Amino acid sequence: MKTLAIIGSTASGKSDLALSLAQQYNALILSIDSLSIYKEIDIASAKPSKSELSMVEHFGIDRLKPDETASVITFIDEYHSIRNKALRENRNIIIVGGSSFYLKSMIDGLSKIPDYSPETLQKTKAMLSDLSECHRLLSDIDPLTMDKITPSDTYRIEKMLLIYLESGLAPSEWFHAHPPQPIITECPVLNLQVDREILRNRIALRTDKMIHSGLIDEVAELERLYGRIPNSMKSIGIVETLEYLDGKLTKNELIDQISIHTGQLAKRQQTFNTHQFTLSASGLSEELMGIAEIILK
């Protein structure tokens, strides 16, 4: 069994490259994408089509309801599932997706967290009713850690508070005593690059396709079923469509805003990928195809 990761900005063609390689080299695909993990969010996530999903078995797609919250643990569980299947069936694994923060977390490793008692869980829930006070408390205890966490970051404040209340240690002390253990090892990372103008055109075409495929109806139904509070409803494509449904944007403005915000996301992704990974290679699709073939043979 061999494992390979393909990263790159949104609309760069990662999924097409992964699908082609998986078919040629007997591989399963693990999608690491913060929106494709959700059921019912099909158009806004630009996830692979049903036809494409039928060609190669995918993990990390359609696993959660839109009102559930994905985290790195979600993708770690998916990785363990795909790895077990790949080992049983003597298959390769290709990891692909735009949310490469999750991949980095699994390669770098995570620290062990305490087993939380019912009392700790109950006390944490009660204290979180005043989020700003929780942030102040933790900042007094562990200013170095909390300096990197905003007062509105409910998820990370909750995690730090749970660690402190259960262990009695400042989160930084806990992490020092429990250094990260890598989840994924021996995984070459290939960074797919695309000319900026080509990428801009691809994003515009994809946005048009999303609108004509029924994005507005999809988002309206998601709002009816789940409201606007879930994290999944705060994603690019969904936020702008909700503004359109509120009458704040015309359809042309909706298309422009999605394209602009997607382009900004692509730039952030490429910067992150370039600086946060030890890359085995970085290049165009044709270049990476040849390198990937050598790795997977």
Helices (runs of 4 or more DSSP H) completely within the range 214-296 that count 3 or more residues being among the basic types (Lys, Arg): 251-276
Just checking, how many residues over the range 69-124 are of a type in the set (Val, Ile, Thr) and farther than 24 Å from PRO230 by Cα? 8
Would you point out the residue of the range 24-58, among those that are over 13 Å from the mean Cα position of the chain (by Cα) and assigned to a strand (DSSP E or B), that is nearest to LEU222 (Cα to Cα)? HIS58
From TYR155, TYR164, residue being within 30 Å of TYR116 (Cβ to Cβ), crowded, with 18+ Cβ neighbours inside 10 Å, hydroxyl-bearing (Ser, Thr, Tyr) and in contact (Cβ under 8 Å) with a residue 24 or more places away in the chain: TYR164
Residues in the range 214-237 that are touching a residue at least 24 places away in the same chain (Cβ under 8 Å), over 25 Å from ILE95 (Cβ atoms) and surrounded by 13 or more Cβ atoms within 10 Å (Cβ to Cβ) total 10
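Readers should treat all values here as calculations from the given coordinates under stated rules, not as data from a laboratory. This structure is a prediction, so every number in the text was calculated from the model and none was measured. Note that we place each Cβ from the backbone using ideal geometry, even for glycine, and neighbour counts take in every protein chain shown.
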